[in-house]
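Peer 1: Handing you this structure, nothing more for now.
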Amino acid sequence: MEAAREKATEVLNENFVTAPPVRVTEIASNYGLQVRIVDLADYQNRIAGFIDLEKHHIYVNKSDASTRQAFTVAHELGHWFLHRKELRSEPNKYAILYRTPLGDANVDMVERQANAFAAMLLVPKELLEKYRNESDNTTIADIFGVSPEVIGYRLKDEFGQQA
């Protein structure tokens, strides 16, 4: 996951992110990507979003909570930065973000790397360190604009803390 960590750090630095929440839609725009919030109800809410490399669009499920939408944008940015080759060669496998638990061990490496990038982008270690002793994961999640699950994942990943 080192490539995900390095790229997330680079993107945060290039966009002068110094405080939460990380504004991923603005970051996407800075790299020429347009985020579109769309109705994906026809897919029975199994799809959180997807990226269209040719149009430079990230599509996000409008029925998702704003915290999930932010994660979806960050995940697709991870694909943009780390997996364009894989997306072009196997678009049906990687272009669509299906709903799975963040720490799902069965997800393939490309998806796990995009999830790790998203979590690291949305909750940078240096910023998490400042807030990690808040009362609970929900409070920290509110500060970062993510779900408590993302905070739990990041605390375990960076500090070995259990959620």
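Peer 1: Could you compute how much accessible surface residue 84 exposes when probed at 1.4 Å, giving the result in Å² to the nearest 10?
Peer 2: Counting only protein heavy atoms, residue 84 exposes about 90 Å² to solvent.
Peer 1: So, how do all the Cα-to-Cα distances of the chain break down into 10 Å bins, in percent, from 0 on up?
Peer 2: Per 10 Å bin, starting at 0, the Cα pair percentages come out as 11, 43, 37, 9, 0.
Peer 1: By accessible area of protein heavy atoms, probe 1.4 Å, what ranking do 1, 120, 109 get, highest first?
Peer 2: Ranking 1, 120, 109 by accessible area, largest first, yields 109, 1, 120.
Peer 1: Angle between the Cα long axis of helix 148-159 and the longest principal axis of the chain, 0 to 90 degrees, nearest 10?
Peer 2: Between the helix axis and the principal axis of the chain, the angle is about 60 degrees.
Peer 1: Within straight cross-link reach of residue 55, meaning Cα distance under 20 Å, which aspartates and glutamates are found once same-chain residues fewer than 8 apart are removed?
Peer 2: 26, 39, 76, 86, 90
Peer 1: I want the local charge near residue 121. Using Cβ-Cβ distances under 14 Å, sum +1 for each Lys or Arg and -1 for each Asp or Glu among the other residues.
Peer 2: Taking every other residue near residue 121 into account, the sum is -3.
Peer 1: Residue 9: accessible area at probe 1.4 Å, nearest 10 Å²?
Peer 2: Solvent-accessible area, nearest 10 Å²: 70 Å².
Peer 1: Then there is this: Give me the percent of accessible area attributable to carbon and sulfur for the chain, probe 1.4 angstrom.
Peer 2: C and S fraction of accessible area: 46 percent.
Peer 1: Note down the net charge around residue 160, summing +1 for each Lys or Arg and -1 for each Asp or Glu among other residues with Cβ under 14 Å from its Cβ.
Peer 2: +1
Peer 1: Let me check something: with ligands and nucleic acids excluded, how do 79, 57 order by accessible area (1.4 Å probe), largest to smallest?
Peer 2: Accessible-area ranking of 79, 57, largest first: 57, 79.
Peer 1: Taking amide hydrogens as modeled 1.01 Å from N in the peptide plane, which residues meet the under 5 Å criterion relative to residue 36, leaving out close sequence neighbours?
Peer 2: 58, 59, 60
Peer 1: Name the longest site-free stretch of the chain, where the excluded sites are GluC sites (Glu not before Pro) in a DSSP loop with no more than 16 other beta-carbon atoms within 10 Å.
Peer 2: Longest stretch, sites excluded: 55-133.
The values are calculated or read from the model by the stated rules, or taken from the named source; none is laboratory data. Everything numeric in this text was worked out from a predicted model, so none of it was measured. Note that we place each Cβ from the backbone using ideal geometry, even for glycine, and neighbour counts take in every protein chain shown. Just the protein is used for accessible areas: all its heavy atoms, side chains included, with ligands, DNA and RNA removed. Shrake-Rupley method; radii C 1.70, N 1.55, O 1.52, S 1.80 Å.
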